[in-house]
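What follows is a single structure, written as structure tokens, with notes after it.
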Amino acid sequence: ALLRDNILFTLNILFHTVHYIQLQIKTAFNDSMGESAAIKTLTKPDILAIDEFDWIPNRQASTTDDYWQSTIYHIINKRYNDMKDTILTSNKTEAEFAATTIAPIKSRIAETGGLVSTDDWTNWRER
């Protein structure tokens, strides 16, 4: 228990929704530190949890979609290369997630982790 408590208190853990990450990066465009500094805050923590990953576009319907897909991929790939844990949450089924997530992200998830499906879980908000 002591070891577990020490690990929990020494790890830098960050939890954000995809939408919040997008807002932070957009805000950085007007900041003197810029987009790079905003992205660095997401690649630095030991563990990053990205909630509502459903909101990442999977098709380049517009330049904006391509930008966000590329930016999120860059964050996940940088963390992968630095051997840092990244948790993605989604309300999609396993099949939907596989069909709508770009291949490079899926391959990094498959190599370093996996998928926990909540298909048969009860949604506590709908009770």
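Quick notes on this structure:
- Here the gap between Asn12 and Asn77, fully extended at 0.36 nm per residue and compared with their Cα-Cα distance, gives a gain of 21.5 nm.
- The mean accessible area for residues of the chain, using a 1.4 Å probe and ignoring ligands and nucleic acids, is 70 Å² per residue.
- Surface share of carbon and sulfur [accessible, 1.4 angstrom probe, percent] for the chain: 54
- Near the amide H of Leu88, within less than 5 Å, lie the amide hydrogens of Ile50, all on another chain or at least 5 residues away, with H placed in the peptide plane.
- Within a straight-line Cα-Cα reach of under 22 Å, Lys92 can be paired with the following lysines, leaving aside sequence neighbours fewer than 8 residues apart in one chain: Lys106.
- The aspartates and glutamates within cross-link reach of Lys84, meaning a Cα-to-Cα straight distance under 19 Å and a gap of 8 or more places when in the same chain, are Asp46, Asp51, Glu111.
- Expected-Rg normalisation [2.2 N^0.38 Å, Cα atoms] applied to the chain: 1.14
- Amide hydrogen neighbours beyond the local backbone of Phe15, cut-off 5 Å, H modeled: Ala49
- Computed over neighbours whose Cβ is under 15 Å from that of Thr27, the net charge equals 0, Lys and Arg +1, Asp and Glu -1.
The values are calculated or read from the model by the stated rules, or taken from the named source; none is laboratory data. Fair warning: this is a prediction, and the values are worked out from it, not measured in the lab. Because the Cβ atoms are built from the backbone with ideal geometry, glycine has one as well, and the counts that use them run over all protein chains shown. Note: accessible area is taken over every heavy atom of the protein model, side chains too, but ligands, DNA and RNA are not part of it. Shrake-Rupley method; radii C 1.70, N 1.55, O 1.52, S 1.80 Å.
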